[in-house]
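Report on one structure; see the data block that follows.
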Amino acid sequence: MKLVLTTHNLSLTKAIETHIQEKLDKLDHFDHQAVDARVTLEQDHNRAPERQFSCSVRLSVPGPDLFAEDSEKDLYSAIDLVVKKLEQQIRTRQSKYKARKHTEGAKGKQERLEKDAEAASETPA
């Protein structure tokens, strides 16, 4: 997965970059179809101290992109919460896909059962 990191009013250290890379590798494990991730980190001095650091991630996948954003007092906790939100979006997306797939199979099975029941009722005993 390709990673694009941008920062605003914040210096990017190797530790921050490593932390983001580890978290995104975890996301890559959940959804291997992810093409790239655009991460934006910013520090706003005008905000209240408890919401000073913000992190937003746009994950490009086939279909609609996944996006999550969070602001926290600590940059690392903001990154962790954004990754948690994206994990949930990936799980929801996969669950919907599986449910849609199983619904089609269940309809076919129901139709076969109805045909079998009709055939059994038509044949004399």
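Every number here is computed from the coordinates shown, using simple stated rules; none is lab data. Since this is a predicted model, take the numbers as computed values, not measurements. We place every Cβ from the backbone using ideal geometry, glycine too, and count neighbours over all the protein chains shown.
From the coordinates of this entry, semi-axes √(5λ) of the Cα gyration tensor in Å is computed, and it appears in (i) 42, 18, 13; (ii) 27, 15, 11; (iii) 49, 14, 10 under the label (iii). Among the chymotrypsin sites (Phe, Trp or Tyr not before Pro) in the stretch 20-125, none is located in a DSSP loop while being surrounded by at most 15 other Cβ atoms within 10 Å of its own Cβ. Just want to confirm a number: the relative contact order over the chain, from Cα pairs under 8 angstrom separated by 6+ residues, in percent. Relative contact order here is 19 percent. Mind checking which aspartates and glutamates have their C-alpha under 20 Å from LYS23, skipping anything on the same chain fewer than 8 residues away? The qualifying aspartates and glutamates are ASP31, ASP36, GLU42, ASP65, GLU69, ASP70, GLU72, ASP74, ASP80, GLU87.
Label separation (ALA106 vs SER11): 5.7 nm, computed from points 7 Å beyond Cα along the C-beta direction.
Taking the stretch 68-125 as the region of interest, the number of lysine pairs whose Cα atoms are within less than 30 Å, with members eight or more places apart or on different chains, is 17. Counted over the chain, the DSSP beta bridges are approximately 70% antiparallel. If the segment from TYR97 to ARG58 were pulled out straight at 0.36 nm per residue, it would be longer than the present Cα-Cα gap by 12.0 nm.
Rounded to the nearest 500, the helix-only mean residue ellipticity at 222 nm of the chain stands at -19000 deg cm²/dmol, with each DSSP H run of n ≥ 4 adding -39,500 (n - 2.57).
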